[in-house]
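Taken together, the values in this text are just the output of simple stated rules run on the coordinates, not laboratory data. Remember, predicted model here, so these are calculated numbers, not experimental data. Reconstructed Cβ throughout: ideal geometry from the backbone, glycine too, with neighbour counts over all protein chains shown.
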Amino acid sequence: MSRLSERAFTEIVEAGCPSCGGRQLNLRSYVDGLVPLMEGEPVGRVKWVYKGEMFVDGLYEIACGACQHLLFTDDRCPRCHGEGGLARGLTTTSTYAVPERCPRCEHIEVRLIAFVPARVKYEGKRADKAQTSVELHDPGFHGYRVDCKDCGKVDERTDVCPICEAPAPVRARFS
């Protein structure tokens, strides 16, 4: 669980900015995204595959959209809570080897599930769609699972934290 509970998150966003009274907040979180691959290369954009509680679980910053006042920040890894892990995750590239084809059935189309930093503008009870500027080979994008379109899940990283590479075991997470 994030350093910020769902209840505390709700209280922060309902209260708005204590500095200027602004209601628009900029949220930053590490969340699950799916990228379709063909022969190891992306053939589509990131599709978000997280639930709301996963967004709060990966939350690392809340800032006022008007005055930029920080309402919440956490520099630990959003996945394993390793100290300083957020900076490592945002500045390093994924070391997870993406296969060019399914290792079981040799199908050339697979789906890569990754932790991706996302930005969301939130105002009142309305949140914009998550956005990211990070792509497959960029720092901050960290793959951790490959699913085959034909035979299902074929590989998942469990040896280290996918974001900061702290040693396993990694804390339990929502499904």
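Please give the length that would be gained between LYS121 and ASP150 if that part of the chain were fully extended, namely 0.36 nm times their separation in residues minus their C-alpha to C-alpha distance (nm, one decimal). Taking LYS121 through ASP150 to full extension adds about 6.8 nm, to one decimal. Placing +1 on the Cβ of every Lys and Arg and -1 on the Cβ of every Asp and Glu, with nothing else charged, gives region 6-156 a dipole about its Cα centre of roughly 400 debye. Of the cross-linked pairs LYS51/LYS149; LYS121/LYS149; LYS47/LYS125; LYS47/LYS153, those separated by over 29 Å at the C-alpha level are LYS121/LYS149.
For region 1-84, GluC sites (Glu not before Pro) meeting the loop criterion (DSSP other than H, G, I, E, B) and having at most 16 other Cβ atoms within 10 Å: GLU39, GLU83. The phi torsions of region 78-85, fed into the Karplus equation with coefficients 6.51, -1.76 and 1.60 and a -60° offset, translate into couplings of x, 9, 10, 6, x, 4, x, x Hz, rounded to whole numbers, with Gly and Pro shown as x. Work out the charge dipole of region 6-156 with +1 on the Cβ of Lys and Arg and -1 on the Cβ of Asp and Glu about the Cα centre, then indicate which of THR10, GLY140, VAL35 is farthest towards its positive end. About the Cα centre, the residue reaching furthest to the positive side is THR10. Loop-located trypsin sites (Lys or Arg not before Pro) across region 98-159 with a Cβ neighbour count of 11 or fewer within 10 Å are LYS125, LYS129, with loop assigned by DSSP. The phi torsions of region 3-11, fed into the Karplus equation with coefficients 6.51, -1.76 and 1.60 and a -60° offset, translate into couplings of 4, 9, 6, 4, 5, 5, 4, 4, 4 Hz, rounded to whole numbers, with Gly and Pro shown as x.
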